[in-house]
Amino acid sequence: MTTDSPLTLTFAAWDHDRVLPVLDGRVPVPGVTVVPHILPTTQLFPIAVQEARFDVTELSLSSHILQVARGNSAYTAIPAFISRAFRHNGFYRRAGSGIETLADLAGRRVGVPEYQMTAALWMRGIMSDDYGVPATAVHWRTGALDQGVRHERLALTPPPDLQITPIKDGETLQELLFKGEIDALLAPNPPKAFLAGDPRIERIFPDFATAEGDYHRRTGFFPIMHIVAVRRSIVEANPWLPQTLFRAFTQARDIALARLREVWLGSANRMSLPWLNHAMERTLATMGDSYWPYGFADARTEIETACRYSVEQHLAPRVVTPEELFHPSVL
């Protein structure tokens, strides 16, 4: 299974609870000495796709699809889905914009931090599949959500009928929303003004939890955001590695979920969340005990949908099969 002497591999990810046991060494990777790097994904993903600096890395599913389709991916993936997120909560409108449902986004100017980001891939898929609004029906503005500067991590070549216009450095999408220069936002996290209670910005789905629960019941999807990717050249020399990593990340996830259950069922409110009981009970009632699944077979339809979205939204230049994204040993 392993080499005579351990491999020394760099591993970069954010500090997700389901990843920390690998990062901090509680879960060893047999045959591997892990050199951990903890980075927020806004910093990590440009490094991953532009430099492939780390041997093992958290990676955007959308970026991985795009690079595999282009034939220039340095990585192959294992089906440890270390980031998943429902996305109805991320649709925002300017108060008074006349936008009531996602169908009203047709013909509008809509901001998104990066056109290619996985959150936006799923959100545009919801717009198209459920509300009949294709990507070409919207004028997209890209850039920083509410602070700093942000650019696309990979160069895009949209067709003539797809409008993607970057905002100026120093501007933010939140500011443009308030000025009336855009009408809505696709945001991976709540804009600062919304969190501050600014009445000029509203969620398009005020009861997003119900919308997301309905989406899960209809589709079976808990949208995959990020995967674990391993440098192809290392895997070619060490074909045992993908399965070994997959087992380690699965064990790490199990530790995190067991810990969460222990905290939830404890009697002293050990986590600083007043309604943790409600969140856990609602999660289990909607999604069952296996609410954070890993593994390729059960996720194939979900991954295939993301691959379809990538082509429909003029990202991937060809249809990628789910199998192409992952190492054959973990299918």
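The values are calculated or read from the model by the stated rules, or taken from the named source; none is laboratory data. Predicted, not measured: the structure shown is a model, and the values here were computed from it. Using ideal geometry, Cβ is built from the backbone for each residue, glycine included, and neighbour counts are taken over all protein chains shown. Just the protein is used for accessible areas: all its heavy atoms, side chains included, with ligands, DNA and RNA removed. Shrake-Rupley method; radii C 1.70, N 1.55, O 1.52, S 1.80 Å.
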Within region 118-129, the residues that are open to solvent by 10 Å² or more (accessible area, probe 1.4 Å) and touching a residue at least 40 places away in the same chain (Cβ under 8 Å) are SER128
Search result, residues across region 239-269 that are of a type in the set (Gly, Ala, Ser), touching a strand residue (DSSP E or B) at 6+ places or on another chain (Cβ under 9 Å) and either in a loop (DSSP other than H, G, I, E, B) or surrounded by fewer than 15 Cβ atoms within 10 Å (Cβ to Cβ) (or both): none
Go through (1) touching a helix residue (DSSP H, G or I) at 6+ places or on another chain (Cβ under 6 Å); (2) without any contact (Cβ under 8 Å) to a residue 24 or more places away in the chain for SER329 and report which single condition fails. (2)
Of those in region 3-36 that are part of a strand (DSSP E or B), touching a Ser or Thr at 6+ places or on another chain (Cβ under 6 Å) and open to solvent by less than 70 Å² (accessible area, probe 1.4 Å), the residue farthest from ALA144 (Cα to Cα) is THR33
Just checking, which of ARG259, ARG300, ARG318, ARG308 is over 30 Å from PRO159 (Cα atoms) and either touching a helix residue (DSSP H, G or I) at 6+ places or on another chain (Cβ under 9 Å) or of a type outside the set (A, V, I, L, M, F, W, C) (or both)? ARG259
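Matching residues to (1) in contact with an Asp or Glu (Cβ under 6 Å, 6 or more places away or on another chain); (2) of a type in the set (Val, Ile, Thr):
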site	(1), (2)
ASP4	no, no
LEU9	yes, no
ALA12	no, no
HIS16	no, no
LEU23	no, no
GLY31	no, no
THR76	no, yes
GLY96	no, no
Of the residues that sit in region 155-180 and are in contact with a Ser or Thr (Cβ under 6 Å, 6 or more places away or on another chain) and part of a loop (DSSP other than H, G, I, E, B), which one is nearest to LEU121 (Cα to Cα)? LEU162
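Report the residue count in region 297-323 for those that are surrounded by 15 or more Cβ atoms within 10 Å (Cβ to Cβ) and either part of a loop (DSSP other than H, G, I, E, B) or out of contact with any Phe, Trp or Tyr (no Cβ under 6 Å at 6 or more places or on another chain) (or both). Before the answer, list the steps.
Initial filter on region 297-323 (surrounded by 15 or more Cβ atoms within 10 Å (Cβ to Cβ)): 299-300, 302-316, 320, 322.
Right, trim to either part of a loop (DSSP other than H, G, I, E, B) or out of contact with any Phe, Trp or Tyr (no Cβ under 6 Å at 6 or more places or on another chain) (or both) and you get 299-300, 303-316, 320, 322.
Residues flagged as surrounded by 15 or more Cβ atoms within 10 Å (Cβ to Cβ) and either part of a loop (DSSP other than H, G, I, E, B) or out of contact with any Phe, Trp or Tyr (no Cβ under 6 Å at 6 or more places or on another chain) (or both) within region 297-323 amount to 18.
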Out of ARG150, ARG109, sole residue that is touching a residue at least 60 places away in the same chain (Cβ under 8 Å), of a type in the set (Lys, Arg) and closer than 23 Å to LEU66 by Cβ: ARG150
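I'm trying to understand the selection: among the residues of region 181-220, which are in a loop (DSSP other than H, G, I, E, B), hydrophobic (A, V, I, L, M, F, W, C) and touching a Lys or Arg at 6+ places or on another chain (Cβ under 9 Å)? Before you say what the answer is, go through the steps one by one.
So in region 181-220, the residues in a loop (DSSP other than H, G, I, E, B) come out as 181-183, 187-191, 196-200, 204-207, 220.
Next, only the ones that are hydrophobic (A, V, I, L, M, F, W, C) stay: 182, 187, 196, 204-205.
Result: ILE182, ILE204.
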Which of (1) over 19 Å from ARG231 (Cβ atoms); (2) touching a residue at least 60 places away in the same chain (Cβ under 8 Å) does THR41 not meet, given it meets every other one? (1)
Of the conditions (1) closer than 27 Å to THR219 by Cα; (2) in contact with an Asp or Glu (Cβ under 6 Å, 6 or more places away or on another chain), ARG231 clears all except one; give me its number. (1)
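Sort through GLY170, GLY180 and tell me the only one that's open to solvent by 50 Å² or more (accessible area, probe 1.4 Å) and either among the aromatic types (Phe, Trp, Tyr) or at positive phi (or both). Can you show your working first?
Values: GLY180 fails: open to solvent by 50 Å² or more (accessible area, probe 1.4 Å).
Criteria check complete, one pass: GLY170.
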Return yes when ASN89 is over 20 Å from PHE249 (Cβ atoms), part of a loop (DSSP other than H, G, I, E, B), of a type in the set (S, T, N, Q) and open to solvent by 20 Å² or more (accessible area, probe 1.4 Å) and no when it is not. no
Within region 138-151, residues open to solvent by 30 Å² or more (accessible area, probe 1.4 Å) and small (Gly, Ala, Ser) come out as GLY148
Can you work out which of the residues in region 55-73 that are of a type in the set (A, V, I, L, M) and closer than 24 Å to ASP15 by Cα is farthest from the chain's Cα centre (by Cα)? VAL56
